Amino acid sequence: MSKIAFFSTQVYDRKLFENASDKHDFEFFETRLRAQTINLTNGYDGVCVFVNDKLEEDVIRGISENGVKLIALRCAGFNNVDLKAANNYNVRVLRVPAYSPEAVAEHALALMMTLARKTHKAYNRVRDSNFSLVNLTGFTIHGKTIGIIGTGQIGQAFCRILSGMGAKIVAYDKYPSDAMKKLDVDYKDMDEVLHESDIISLHCPLTPETHHIINEKNLGKMKKGAMLINTSRGKLVDTLSVIDALKSEHLGSLAIDVYEEEEKLFFRDLSEKIIRDDQISRLMIFPNVLITAHQGFFTQESLNQIKETTIKNFDDFENGNESKNEVSCELIKDC
Ligand code: NAD
């Protein structure tokens, strides 16, 4: 029976996993796993973590000294794990590579449609008995050009949805997909995608190469008035440059489900607290910015998939089985 310590546990995680397996022993911690909380891992075989737990070299060394031999991610992205250190300390890293990519794609769609039709403003107006349409003019998606950066599972799911809306889809990916080409997705280089798109949606992973892929220079290459959507990882976007582009009105609108400094904010109720992050505070008051707190994945279907795959990962770890969910150094270039 493996002993697993869960970190960053929310009420819904506990409910999901509490009785999910009688083969393993679970303990749930609300705190994030980081240097200050290494001591909690003493005596556990594995840790089960989420997007904002920080598994840098010192943390991996510390948990390994405490006997931990498994890092199980309850997510697909693994940018928060130092894979080289995990390899050096013989700690296996297993993830949930896909859990309803449609869930995240549909959330990107929801963000896009909200900004395009200003339903976030209409909702509040009507609640205040204001039935005026003044300043609610939106735009039609049909016939627009939508640029997808990264056409993996989520990017492809988004392309499939968009193709039904009569949008022209252009995309940039280092490894173009034949299935997407058949769907009339037009692969171009990054600059062309930036230049031609009315809406850009980011679906590539965060790697050293994609860090701040949306920066001042690339924002300058975008069409004036374009919309930017980021449901992937916060650090793909240089927030300060995006704020400048919104202030100069070069960037028409922004929807983010992820934020560069989200680990200090997201997944918590801070409604009675003073927000000390001036960049998110600035973003929150733009009328053409929509922020959700990393909820793209958050559907019942995804949660069920995360549970099933994570339990299978624990079983494979306990039995010493190979796993297609293993994350190894080969998956990233500079490891
Ligand atoms: P995936 O691995 O299936 O696809 C990623 C794609 O990006 C691949 O096709 C890859 O070739 C491409 N890519 C890699 N480097 C690139 C680059 N420099 N430029 C352009 N494309 C590049 O991943 P996925 O399942 O589609 O997930 C994408 C990302 O979405 C994840 O890395 C994660 O960060 C994020 N995500 C967010 C949520 C959420 O709740 N908001 C949930 C799940 C995943």
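A compact table of results
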read-out	value
Those residues of the stretch 164-193 which are more than 23 Å from the chain's Cα centre (by Cα) and among the small types (Gly, Ala, Ser), in sequence order	164, 166, 167, 179
Residue 314 being in a loop (DSSP other than H, G, I, E, B) and under 25 Å from residue 33 (Cα atoms)	no
Yes/no for residue 146 being in contact (Cβ under 8 Å) with a residue 12 or more places away in the chain, within 16 Å of the ligand (Cβ to nearest atom), surrounded by fewer than 22 Cβ atoms within 10 Å (Cβ to Cβ) and within 23 Å of the chain's Cα centre (by Cα)	no
Exclusive hit being out of contact with any helix residue (DSSP H, G or I) (no Cβ under 8 Å at 6 or more places or on another chain) and either acidic (Asp, Glu) or buried (at least 17 other Cβ atoms within 10 Å of the Cβ) (or both), set 21, 2, 64	64
Enumeration of residues in the stretch 149-176 that are farther than 27 Å from residue 297 by Cβ and either in contact with a Ser or Thr (Cβ under 6 Å, 6 or more places away or on another chain) or surrounded by 16 or more Cβ atoms within 10 Å (Cβ to Cβ) (or both)	168
Complete set of residues in the stretch 1-17 that are of a type outside the set (Ser, Thr, Tyr) and under 25 Å from the mean Cα position of the chain (by Cα)	4, 5, 6, 7, 10, 11, 13, 14, 15, 16, 17
Qualifying residue in the stretch 270-292 (condition: among the aromatic types (Phe, Trp, Tyr), more than 16 Å from the ligand (Cβ to nearest atom) and assigned by TED's automatic domain parsing to the domain that holds residue 151)	yes
Selected residue (only one of 179, 108 is within 16 Å of the ligand (Cβ to nearest atom), of a type in the set (Gly, Ala, Ser), exposed (fewer than 15 other Cβ atoms within 10 Å of the Cβ) and touching a residue at least 12 places away in the same chain (Cβ under 8 Å))	179
Close pairs (9 angstrom Cβ cut-off, 6 or more residues apart or separate chains): buried (at least 18 other Cβ atoms within 10 Å of the Cβ) in the stretch 290-316, basic (Lys, Arg) and at pLDDT below 95 anywhere	314/23
Looking only at the stretch 84-103, and only at residues there that are β-branched (Val, Ile, Thr) and within 16 Å of the ligand (Cβ to nearest atom), the one that is farthest from the chain's Cα centre (by Cα)	93
Some residue of the stretch 5-22 being hydroxyl-bearing (Ser, Thr, Tyr) and within 16 Å of the ligand (Cβ to nearest atom)	yes
Candidate set: the stretch 215-258, residues that are of a type in the set (Asp, Glu) and within 16 Å of the ligand (Cβ to nearest atom); chosen: the one farthest from residue 76 (Cα to Cα)	238
Single residue of 290, 283, 265 found to be in contact with a helix residue (DSSP H, G or I) (Cβ under 8 Å, 6 or more places away or on another chain) and over 15 Å from residue 228 (Cα atoms)	265
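The values are calculated or read from the model by the stated rules, or taken from the named source; none is laboratory data. Predicted model, so just to flag it, every value in this text is computed and none were measured. Neighbour counts are summed over all protein chains in view; Cβ atoms, including those assigned to glycine, are modelled from backbone coordinates with ideal geometry.
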